[in-house]
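Have a look at the structure below, then the notes.
Since every read-out is calculated from the coordinates, none of them should be taken as a lab result. None of the values given here were measured: they were computed from a predicted structure. Note that each Cβ is placed from the backbone with ideal geometry, even for glycine, and that neighbours are counted across all protein chains shown.
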Amino acid sequence: MFLFDWFLFRWHVWTGETGERYRFRITLTRKAIPEAGGIYIFVRRRFGFFLQPLYIGKATDLRSRLFGHERWWEAWWKRGATERHILPVRTGTDRARIEEDLIRRYQPRMNDMLVPRNGLDAPANSKLRRAWLWRQWWKNLFRLGRKHPAH
């Protein structure tokens, strides 16, 4: 039983668009939320093992932000959120970078989409921009090999 509790209620690793891995703590109660800045994810758990992020956000004080969060009721009541995942992060620039990285990877339903459509809409963060440009280069490389039928 201990292993089952540990798997469901201790921590979970979310991987960003850049491939960087972030270890989030799963919280079910208000006492488990720290008074520090960080990233949070509202998650819907299905069949015990399948996790779907519904909303990803950042806060300078997680406890005060999550107690009265305006999106939690929508996530819980309408979308079936079951838990909150929390990652304490000290600096604001790291919080912004991690949030953008995770949103671009998972594209949660309740977040505004941060999917770049062209070069002018590329990520603002230099690390994310380099990863996006690299993927675009590879996509374009494989498109060059295709022959388009003559009209």
### Query
Hey, rough spin-label estimate for Thr91 and Ala36, points 7 angstrom out along Cα→Cβ, what's it come to in nanometres?
1.6 nm
### Protection proxy ranking of 94-101, 40-47 - average other beta-carbon atoms within 10 Å, highest first
94-101, 40-47
### Task
Output the peptides 25-35, 57-67 sorted from most to least packed, where packing is the average of other Cβ atoms within 10 Å over each peptide's residues.
57-67, 25-35
### Query
Over segment 2-113, what relative contact order in percent results from Cα pairs under 8 Å that are six or more residues apart?
33 percent
### Query
If the chain between Trp11 and Trp134 were fully stretched, how many nm would it gain, using 0.36 nm times the residue separation less the Cα-Cα distance?
41.2 nm
### Summary
Between Ala122 and Arg65, the FRET efficiency computed from the C-beta separation at R0 = 30 Å comes out, to the nearest 0.05, as 0.55
### Task
Work out the P(r) tail for segment 2-113: percent of alpha carbon pairs separated by more than 16 Å, whole number.
56 percent
### Where labels lie 7 Å past Cα in the beta-carbon direction, separation of Met110 and Gln52 in nm
1.3 nm
